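Right, one structure below, let's go through it.
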Amino acid sequence: MGKRCLIFGPSTMPTLSAPDQLAVMKRGAEELLVESEMLKKIEKSIATGKPLRAKLGLDPTRADIHLGHTVVLNKLRQFQDMGHTAIFLIGDFTSLIGDPSGRNDTRPALEREEILENGKTYHAQASKVLDPERTEIRYNSEWSDPLGAAGMIKLAAKYTVARMMEREDFTQRFKNGVPISVHEFLYPLMQGYDSVALNADIELGGTEQKFNLLMGRSLQQQYGQEQQCILTMPLLVGLDGVEKMSKSKDNYIGLTEPASEIFGKVMSISDESMWTYYDLLSFKSAADIAAIKAKCAAKSMNPRDAKVALAVEIAARFHSQTEADAALAAFEARKTGAAPENMPERTIVCAEASMLVTQICKQADLAESTSAAARLIEGRGLKVDGVVIEDKSLKLPKGNTYTIQAGKRHFARVTLA
C-alpha cells in the first residue's frame with residue numbers, strides 16, 4: 001500500500017557506556033521492560049559495533065502529528081544521538097484496522113485514500129524532532145499486504161482469545177456489553193508482527209500501548225528472534241486537562257500549526273497541566289524545571305510567566321525564535337485590547353447594503369457557522385473594532401473595513417465590498 005522509503009545517513013556508534021546509555025533511555029520513561037535484557041543488548045551493541053534497532057510506529061489517522069507524539073519522538077531522537085538506528089514506522093496497514101487501545105467503542109474505519117493522504121506529511125513532521133538523515137522510514141503495508149488471507153490465519157493461530165481478552169479495554173467492553181469486532185483482535189497481532197518484520201531490539205510507545213508492545217515480544221519469540229525490550233512513555237494530557245492528547249478528541253496541538261496557534265494553545269492549558277507539559281516537553285534540565293516550580297510555589301514567580309516561557313520554547317522549536325517572539329508580542333497586545341499588526345485580510349462581496357455580522361464571521365473563517373458566531377455573541381466573545389457585540393441580528397454596512405475578533409486569538413481585517 002505505502003511505498004517503501006529507506007533513509008540512511010552516517011552513523012556514529014555510541015560513546016556513552018552501557019550504564020550511561022541505559023540511564024538516558026530511562027529518564028522520563030514510565031517503564032522499561034526488561035531492564036536487564038536492555039543492558040545486555042547495549043553491551044552487545046558496543047562490543048560488536050552494531051547499532052540497536054529502535055522502533056516507533058504511528059498510525060496516520062489524521063494529517064497532524066501532535067505534541068503528545070513528540071514525547072516519544074524525543075525519546076527516539078535520544079536513541080539516534082547515541083548512535084542507534086531509529087525506525088519510524090508509518091502504520092498505513094494498521095490504520096485500516098484501527099487501534100482499539102484505550103477505546104470504549106469500535107474505532108471508525110478509514111479509507112485507504114484518506115490514510116495515504118494523511119501519511120504523506122508524517123515524515124516531514126517527524127523530521128522536526130528526528131534527524132532525517134539518520135532515520136529509517138518504513139510502512140507496514142510492505143509486509144502486511146503480502147501476508148494475504150492464509151498468512152493472516154497463520155498469524156492469528158499464534159495467539160489465543162483468552163490472552164487477547166486480558167486487555168483491560170477489551171475486558172471492560174465485554175463486561176459492559178459493548179460490542180468488540182473480530183477485526184479489532186487483529187490490531188495487536190499486526191503491530192506485533194511489525195516487530196518481527198523489522199527485527200526490532202526495542203519498541204517505544206505510550207503507556208496505553210503496553211499490550212501491543214508485549215505482543216511484539218511474544219511473536220518474536222515464536223518466530224525464533226531475540227525478544228525486543230519495550231519502553232513506555234507517559235501520556236500527555238490534552239488541552240481539556242482531562243483526556244490524553246488525541247487527534248480523535250480534537251484536544252491537541254499540531255506540529256504544523258502556526259506559531260501563534262501553538263503559543264496560544266499552550267497558554268490555554270491549566271496551571272496544573274503546565275507542569276506535566278514542562279516535564280514531558282521542555283528541553284530544560286530537570287534542575288531548571290525544579291527551580292521554576294519552586295519559584296512559583298514561593299510566589300516569587302507568576303505561574304503565567306512560567307507558562308509564557310514554555311509557550312515560547314515550544315513555538316520556537318517547531319518554527320523559529322522570531323516567530324515565537326512575534327506570537328508572544330501579539331498575545332501581550334491582545335491582553336491590552338489591541339489587535340495584532342499582522343492579521344488575515346478578507347474581502348467579502350455584499351449583494352445588499354449590509355450583512356449580518358454572524359454571516360460575516362462565517363465567510364471570514366472566524367466561525368464554522370453562523371450558529372457558532374451567534375454562540376460567540378451570546379458569550380460576549382465577538383468584537384468589532386474593539387466593541388463587544390451583543391446583538392445577533394446586527395448588520396454591518398458595506399463599503400467599510402472592520403477589525404473583527406472572535407474569541408481570544410482569532411482576528412481578521414474584513415472589507416465589505
Do we have Leu147 as hydrophobic (A, V, I, L, M, F, W, C), closer than 30 Å to Ala47 by Cβ and modelled with pLDDT of 80 or more here? no
Quick one: which residue in Ala287, Ala298 is under 27 Å from Arg77 (Cβ atoms) and either modelled with pLDDT of 90 or more or buried (at least 16 other Cβ atoms within 10 Å of the Cβ) (or both)? Ala287
Return the total of residues in the range 44-65 being out of contact with any helix residue (DSSP H, G or I) (no Cβ under 8 Å at 6 or more places or on another chain) and crowded, with 21+ Cβ neighbours inside 10 Å. 1
Give the range 223-239 a look and list any residue that's touching a helix residue (DSSP H, G or I) at 6+ places or on another chain (Cβ under 9 Å) and farther than 18 Å from Lys55 by Cβ, or say none. Pro234, Leu235, Leu236, Val237, Gly238, Leu239
Which of the residues that make up the range 349-358 are modelled with pLDDT of 90 or more and buried (at least 17 other Cβ atoms within 10 Å of the Cβ)? Met355, Leu356, Val357, Thr358
Among residues of the range 359-408 being touching a Leu at 6+ places or on another chain (Cβ under 9 Å), part of a strand (DSSP E or B) and polar (S, T, N, Q), the residue surrounded by the most Cβ atoms within 10 Å (Cβ to Cβ) is Gln405
Restricting the search to the range 243-259, which residues are of a type outside the set (Ser, Thr, Tyr) and either at pLDDT 85 or above or in contact with a Ser or Thr (Cβ under 9 Å, 6 or more places away or on another chain) (or both)? Glu243, Lys244, Met245, Lys247, Asn251, Ile253, Gly254, Leu255, Glu257, Pro258, Ala259
If you go through the range 249-267 one residue at a time, do you hit one that is closer than 24 Å to Lys55 by Cα, crowded, with 20+ Cβ neighbours inside 10 Å and without any contact (Cβ under 8 Å) to a residue 60 or more places away in the chain? no
Only one of Gly177, Gly148, Gly192 is assigned by TED's automatic domain parsing to the domain that holds Leu52, of a type outside the set (Ser, Thr, Tyr) and under 19 Å from Arg112 (Cβ atoms); which? Gly148
Residues that are hydroxyl-bearing (Ser, Thr, Tyr) and under 28 Å from Arg317 (Cβ atoms): find the helices (runs of 4 or more DSSP H) completely inside the range 186-289 holding 3 or more of those. 271-281
Which one is nearest to the chain's Cα centre (by Cα), of the residues in the range 228-245 that are more than 20 Å from Ala309 (Cα to Cα) and buried (at least 19 other Cβ atoms within 10 Å of the Cβ)? Met245
Quick one: how many residues across the range 137-175 are within 30 Å of the chain's Cα centre (by Cα) and not in a helix (DSSP H, G or I)? 7
Within the range 144-174, of all residues that are closer than 22 Å to Gln221 by Cα and among the polar types (S, T, N, Q), the one surrounded by the most Cβ atoms within 10 Å (Cβ to Cβ) is Ser144
Considering only the range 185-204, how many residues are among the small types (Gly, Ala, Ser) and either surrounded by fewer than 21 Cβ atoms within 10 Å (Cβ to Cβ) or at positive phi (or both)? 1
Of the residues in the range 114-136 that are within 18 Å of the chain's Cα centre (by Cα) and among the hydroxyl-bearing types (Ser, Thr, Tyr), the one that is nearest to Leu89 (Cα to Cα) is Tyr122
Scanning the range 71-96 residue by residue, the ones that are polar (S, T, N, Q), part of a helix (DSSP H, G or I) and surrounded by fewer than 24 Cβ atoms within 10 Å (Cβ to Cβ) total 3
Given the criteria under 20 Å from Lys383 (Cα atoms), touching a residue at least 24 places away in the same chain (Cβ under 8 Å) and out of contact with any Leu (no Cβ under 8 Å at 6 or more places or on another chain), does Ser320 qualify? no
Hey, Asn140 more than 28 Å from Ser218 (Cα to Cα), surrounded by 15 or more Cβ atoms within 10 Å (Cβ to Cβ) and either among the polar types (S, T, N, Q) or in contact with a Gly (Cβ under 8 Å, 6 or more places away or on another chain) (or both) or not: no
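The values are calculated or read from the model by the stated rules, or taken from the named source; none is laboratory data. All of these numbers come straight from a predicted model, not from anything done at the bench. Glycine also receives a Cβ, built like all others from the backbone with ideal geometry; neighbour counts cover every protein chain displayed.
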